[in-house]
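Notes follow once the structure below has been shown.
The values are calculated or read from the model by the stated rules, or taken from the named source; none is laboratory data. Here the structure is a predicted model, which means the values were calculated and not measured. Note that each Cβ is placed from the backbone with ideal geometry, even for glycine, and that neighbours are counted across all protein chains shown.
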Amino acid sequence: MKNFRTIRTASRFGVVLLALTMGGVIVGCGGSDDNDNQGMTASAALIDTGGRSVGTARFTQERPTDPVTIRVQVTGLTPGQHGIHLHQVGRAEPNANPPFATAGEHINPSTKEHGLQNPDGSHDGDLPNLNVGVDDRAIFELTTTRVTLYDGANSLFDSDGSALIIHASPDDQRTDPTGGTGARVVCGVVTRD
């Protein structure tokens, strides 16, 4: 397999390292050799379908040409894997029918198929699965070159914003349009800090 990338996820009971094929999604936080440039930051307050706070997502990008680092901390999910995606509309409405439907579909300006392992994919909002520990908690960190915090193509801050959604089930990374991820159980609107 080509394009191996490492994703770090953690729970209170340990750290799990995964190697996934993910063109455009890479691991790590690189330092900037330009200390005067603070870059861009954004965040999302994550809520569940009952409107309760369950975590946060932090987004950082040093320069427009650098990848975006996404760090998610979330509690209250069932142990195991959950699909997680960036969605095209910045709305998190737990009372929508179904919950969080107003966040729209995955960010996909190139109109590709869904899934990091799909030969005809993937959406720019597709991310690897989030792994939740037996303590119902997860910490998830990755970097991606598919979106930007700056203005321009693939900005998370286009005219209707964007949201981060966590689903009830794992993403199979192949099935179009959503990877069989099931219900949307957590959502947060991405806002500039």
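Residue by residue through region 74-91, note down the ones that are assigned to a loop (DSSP other than H, G, I, E, B) and either among the β-branched types (Val, Ile, Thr) or closer than 21 Å to Thr148 by Cβ (or both). I'd like the intermediate steps shown before the answer.
Taking region 74-91 first, the residues assigned to a loop (DSSP other than H, G, I, E, B) are 76-79, 83, 88-91.
Answer for region 74-91, where residues must be assigned to a loop (DSSP other than H, G, I, E, B) and either among the β-branched types (Val, Ile, Thr) or closer than 21 Å to Thr148 by Cβ (or both): Thr78, Gln88, Val89, Gly90, Arg91.
Please determine, by comparing only the residues of region 180-193 that are within 11 Å of the chain's Cα centre (by Cα) and within 17 Å of Asn95 (Cα to Cα), which one is surrounded by the fewest Cβ atoms within 10 Å (Cβ to Cβ).
Start the filter on region 180-193 by keeping residues that are within 11 Å of the chain's Cα centre (by Cα), which leaves 187-188, 190.
When the remaining residues are screened for being within 17 Å of Asn95 (Cα to Cα), the result is 187-188.
Details: Cys187: 27, Gly188: 25.
It comes out as Gly188.
Against the numbered list (1) at positive phi; (2) more than 16 Å from the chain's Cα centre (by Cα); (3) modelled with pLDDT of 90 or more, Thr111 comes up short only at (3). Whether any residue in region 73-83 is in contact with a strand residue (DSSP E or B) (Cβ under 7 Å, 6 or more places away or on another chain) and at pLDDT below 95 is what I want to check. Within region 73-83, one or more residues are in contact with a strand residue (DSSP E or B) (Cβ under 7 Å, 6 or more places away or on another chain) and at pLDDT below 95.
Count, please, the residues in region 180-193 that happen to be farther than 12 Å from Asp48 by Cα, part of a loop (DSSP other than H, G, I, E, B) and hydrophobic (A, V, I, L, M, F, W, C). Even if it seems obvious, please write down each step before you answer.
Residues of region 180-193 that are farther than 12 Å from Asp48 by Cα, as a first pass: 180-182, 189-193.
From the residues that got through so far, the ones that are part of a loop (DSSP other than H, G, I, E, B) too are 180-182, 190, 193.
Remaining after also requiring hydrophobic (A, V, I, L, M, F, W, C): 190.
Residues flagged as farther than 12 Å from Asp48 by Cα, part of a loop (DSSP other than H, G, I, E, B) and hydrophobic (A, V, I, L, M, F, W, C) within region 180-193 amount to 1.
Within region 93-100, none of the residues are under 16 Å from the mean Cα position of the chain (by Cα) and either surrounded by fewer than 17 Cβ atoms within 10 Å (Cβ to Cβ) or modelled with pLDDT under 95 (or both). For region 43-80, a tally of residues being buried (at least 19 other Cβ atoms within 10 Å of the Cβ) and under 22 Å from Ser122 (Cβ atoms) returns 10. Would you check which residues across region 159-176 are touching a residue at least 60 places away in the same chain (Cβ under 8 Å) and farther than 23 Å from Leu77 by Cβ and list them? Asp160, Gly161, Asp176, listed by residue number.
Among the residues of region 148-193, write down those that are modelled with pLDDT of 95 or more, among the aliphatic types (A, V, I, L, M) and within 20 Å of Pro109 (Cβ to Cβ). Hits for region 148-193 are Leu149, Leu156, Ala163, Leu164, Ile165, Val189, Val190. Residues in region 145-179 that are surrounded by fewer than 16 Cβ atoms within 10 Å (Cβ to Cβ) and either among the acidic types (Asp, Glu) or in contact with an Asp or Glu (Cβ under 6 Å, 6 or more places away or on another chain) (or both) were compared, and the one that is nearest to Asn131 (Cα to Cα) is Asp176. Does Pro177 meet the test of being out of contact with any helix residue (DSSP H, G or I) (no Cβ under 6 Å at 6 or more places or on another chain), in a loop (DSSP other than H, G, I, E, B) and within 20 Å of Gln61 (Cβ to Cβ)? No: the conditions fail for Pro177. Among the residues of region 96-113, just one is in a loop (DSSP other than H, G, I, E, B), more than 16 Å from Ile166 (Cβ to Cβ) and in contact (Cβ under 8 Å) with a residue 24 or more places away in the chain, namely Pro109.
Within region 116-136, which residues are farther than 24 Å from Thr78 by Cβ and either among the basic types (Lys, Arg) or surrounded by fewer than 18 Cβ atoms within 10 Å (Cβ to Cβ) (or both)? Step through it out loud before you land on a result.
Step one: list which residues in region 116-136 are farther than 24 Å from Thr78 by Cβ, which gives 118-124.
If the condition is that a residue be farther than 24 Å from Thr78 by Cβ and either among the basic types (Lys, Arg) or surrounded by fewer than 18 Cβ atoms within 10 Å (Cβ to Cβ) (or both), then Pro119, Asp120 are the ones that fit.
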